[in-house]
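Notes for the one structure printed next.
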Amino acid sequence: MSEKTMLYIVPTPIGNLEDITFRALRILKEVDFILAEDTRTTGKLLNHYGIEKKMIPHHQFNEHKTIENILTRIKTGFTCALVSDAGTPAISDPGFLLIRACIREKIEVECLPGPTAFVPALVNSGFASGHFVFEGFLPHKKGRHTRLSILANEERTLIFYESPHRLVKSLVQLSEYFGSDRFACVCRELTKIHEETIRGTLTELIAHFETKSVKGEIVIVVEGKNKKTPGGTLTVVGGDDGDGGDWNGQNNV
Ligand code: SAM
């Protein structure tokens, strides 16, 4: 089968190296070059699957400068795949600027379906998944309080990406803005050896996490306003205190 699209967006595993599609591997083998957020990280993935391919760095610090050059290469007939360190490019990762530029230049773009952290977190949470809001990372400083005030009235399930060292601070602020009895779910180390899902009220989650040093990667899912889970109490599934490391160092297979 011939693939005519010239920029492929290729999702890569978020922890477990088995979480990559046959088609993603074929595209990575077939393209002329790979745009990689971190060539060392992607190099380990390629190495694991025996793929040798030219890689060009494409990350938040160079994407503004390199786009024109990439467009020129693609227009000359080269096919290209964009990958990030983990998950789907352009989801809280570089990609949006290049995709927009390709569309503007009438270069075809095709995103393969594949791993992303927020979908398993939403589904694991058990909260309403028919309608949801993906917020990615909250602003660290400017605009954070405004954002939280707006979201406090959101009735759909809310999803946030968070770093381990900010988890407790964010849970405390979510509790201040959304109410301490709002239900939430913290998904840690999805698809990795120490994967853990903790569900409870924001008060319970704060009490659970403030006594320990939190490690690993985290998605917070918060139930929408007026959607209270009946009779809940803190539940912890899986995990231990360890940090499973990132996917290139920690293959769950
Ligand atoms: N592009 C990625 C995606 O499609 O999900 C997101 C990249 S963003 C820079 C990294 C954040 O995604 C982490 O800080 C964490 O919030 C979330 N994340 C990525 N992998 C995860 C995992 N295995 N478990 C939990 N959260 C994860």
Per the helix-only model, the chain has a calculated mean residue ellipticity at 222 nm (DSSP H runs of ≥4, -39500 (n - 2.57) each, divided over all residues, rounded to the nearest 500) of -9000 deg cm²/dmol
So, with points 7 Å from each Cα along the Cβ direction, the THR66-ASP32 label distance in nm works out to 1.6 nm
The alpha-carbon center of the range 81-135 and that of the range 142-211 are separated, in whole Å, by 21 Å
Counting Lys and Arg as +1 and Asp and Glu as -1 over every other residue whose Cβ sits under 12 Å from the Cβ of TYR177, the net charge comes to +2
For the chain, percent of DSSP beta bridges that are antiparallel (nearest 5) comes out at 55 percent
So the angle from the long Cα axis of helix 63-75 to the longest Cα principal axis of the chain, reported in degrees to the nearest 10, equals 40 degrees
Note: the range 17-76 at 20 °C, 1.002 mPa s; Kirkwood Rh on alpha carbon pairs; Stokes-Einstein D in µm²/s works out to 171 µm²/s
Computed over the chain: longest principal axis from alpha-carbon atoms vs helix 167-178 long axis, angle to nearest 10 degrees, is 60 degrees
Under Stokes-Einstein, the range 6-111 at 37 °C and 0.692 mPa s, with its Kirkwood radius over C-alpha pairs, diffuses with a coefficient in µm²/s of 242 µm²/s
Karplus-derived 3J(HN,Hα) from phi for the range 79-85 (6.51 cos²θ - 1.76 cosθ + 1.60, θ = phi - 60°), whole Hz, x at Gly and Pro, runs 9, 8, 10, 9, 10, 10, 5
Sorted largest first, the C-alpha extents of the chain along its principal axes in whole angstrom are 59, 38, 32
Checking rank on 187-200, 123-136, with mean other Cβ inside 10 Å and highest first, the result is 187-200, 123-136
Largest first and rounded to whole Å, the semi-axes √(5λ) derived from the alpha carbon gyration tensor of the range 71-202 read 33, 18, 13
Violations at 31 Å Cα threshold for listed pairs LYS75/LYS142; LYS44/LYS65; LYS54/LYS215; LYS106/LYS225 -> LYS75/LYS142; LYS54/LYS215; LYS106/LYS225
Two pseudo-spin positions, 7 Å from Cα along C-beta at ILE103 and at ARG166, lie apart in nanometres by 2.6 nm
Each label sits 7 Å from Cα toward the beta-carbon; between LYS75 and LYS227 the label points are separated, in nm, by 4.5 nm
Measuring from its Cα centre, the chain shows a charge dipole (+1 at each Lys and Arg Cβ, -1 at each Asp and Glu Cβ) which, in debye to the nearest 20, is 660 debye
Farthest towards the positive end of the dipole of the chain, among PHE209, PHE137, GLY87 and with Cβ unit charges of +1 on Lys and Arg and -1 on Asp and Glu, lies the Cα of PHE137
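Values quoted throughout were computed directly from the atomic coordinates according to the rules given, and no laboratory measurement underlies them. Note that this is a predicted model, so its numbers are computed, not measured. Reconstructed Cβ throughout: ideal geometry from the backbone, glycine too, with neighbour counts over all protein chains shown.
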